[in-house]
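To start, the structure itself, in structure tokens.
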Amino acid sequence: MTSPSPAPVAPAGPAGRSPGQLMWRRFKRDRPGVVSAYVVTFFFLVALAAPLISKVYGKNPTQTYGLDEPGLLNEYGYPVKPNGGISGSFWFGLEPTLGRDVLTQLVYGIRTSLLIAAAATVLCVLTGVLIGVTAGYLGGRTDYLLGRFIDLLLAFPSQLSFIAFTPVVYSLFVSPEKETPTYLRVVTLILVLWVLGWMGLARLLRGQVLSLREREFVEAAKVTGASPWRIISKELLPNLWTPILVQSTLMLPSFVTIEAGLSFIGVGIVEPTPDWGRMFANGAHYYESDITYIFFPGLAMIVFVVAFNLLGDSVRDAFDPRTGR
């Protein structure tokens, strides 16, 4: 007696993918976005590993090699060797006048600028999310008061406000006769960028929440008795990740350039702390006789800002299934 043959097994259908998996799949297809992500990661790794790079390289950003070792600078203070003194000992050359190593100056300058910009971005995102979501969800008088407060801060011209308020904050803690310590300059720059930088994100999220709070899934959550915190954390925030991430990736390079600009005009980081903006300020004095000195920080700034902006565009496109590059 023959045994009955087993029933055929139906082929398994395609496994469902979560929104995060779909976003990651779309992002991996975007070659400019992937390359930009690698470039941005490289800059952050360089900033984190600055002491290790300096140790392996055998140079530090503060030692005046051109003054300590004869034959590196001429009588006018410029490198003797061509191309800004680039050699096997000094890969990016020497700084005119003081003879400091350009590579370690640049590596530690990236570290300083990214520290300030990243800290300010985190604070701005947290503040923008808190105030924007609160104003949009509560509405009424709370929305009106927070909206007018945002409008008031947005009325200040951003660049002039950064320049004007930074010295004021310095004077609150240190008398004009004393030198402002570096840590206070760093903290002040973070605070000024934070106070004047969160309003755009808050206004954007407020508008998003005003639209989302009338949707059926939010009304259903209210009917089931969900608390406001649960509605915000479980229903609203998952739908706000796209503008938050996109605005964050656009905000950070903007803060890098603002911080560099403040240091360039002398109200940010000053000597002897390495900083992108301070290198530009020094390079502005030397470019006619030694353009090589400003070439490397200028190239690094351009590459970083362009890569971060491309990354922001790629993140936006990955989250939005209607776009297709």
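The values are calculated or read from the model by the stated rules, or taken from the named source; none is laboratory data. Every value quoted in this text rests on a predicted model; they were computed, and no experiment measured them. Reconstructed Cβ throughout: ideal geometry from the backbone, glycine too, with neighbour counts over all protein chains shown. Just the protein is used for accessible areas: all its heavy atoms, side chains included, with ligands, DNA and RNA removed. Shrake-Rupley method; radii C 1.70, N 1.55, O 1.52, S 1.80 Å.
Put simply, when 222-232, 53-63, 241-251 are sorted by average Cβ atoms within 10 angstrom per residue, most first, you get 241-251, 53-63, 222-232. Computed on the Cα atoms alone, the convex hull of region 209-319 gives a volume of 136 cubic angstrom per residue. Solvent-accessible area of the chain (1.4 angstrom probe, protein heavy atoms only): carbon and sulfur portion equals 65 percent. Once C-alpha pairs closer than 8 Å and six or more residues apart are averaged by separation and normalised to the residue number of region 167-325, the relative contact order reads 21 percent.
If the segment from THR257 to THR142 were pulled out straight at 0.36 nm per residue, it would be longer than the present Cα-Cα gap by 38.0 nm. Taking amide H as placed 1.01 Å from N in the peptide plane, LEU73 has its amide H under 5 Å from the amide H of VAL80, each at least 5 places away in sequence or on another chain. Each Lys and Arg adds +1 at its Cβ and each Asp and Glu adds -1 at its Cβ; summed about the Cα centre, region 108-289 shows a dipole of about 540 debye. Translational diffusion coefficient of the chain (Stokes-Einstein, Kirkwood radius from Cα pairs, 25 °C, 0.890 mPa s): 106 µm²/s.
In a fully extended conformation the segment linking LEU154 and PHE217 would gain 19.4 nm over its present Cα-Cα distance, using 0.36 nm per residue. How high is the relative contact order of the chain, given as a whole-number percent (alpha carbon pairs under 8 Å, six or more residues apart)? Relative contact order comes out at 24 percent.
A simple charge model with +1 on the Cβ of Lys and Arg, -1 on the Cβ of Asp and Glu and nothing else charged puts the dipole of the chain at about 1440 debye relative to its Cα centre.
At a probe radius of 1.4 angstrom, the accessible area of region 62-130 per residue rounds to 44 square angstrom. What accessible area per residue, rounded to a whole number of Å², is obtained for region 250-301 using a probe radius of 1.4 Å? Each residue of region 250-301 exposes 37 Å² on average to a 1.4 Å probe. Pairs of Cα atoms in region 108-289 fall into 5 Å distance bins, from 0 up to the last occupied one, in shares of 1, 8, 15, 16, 15, 12, 10, 8, 6, 4, 2, 1, 0, 0, 0 percent.
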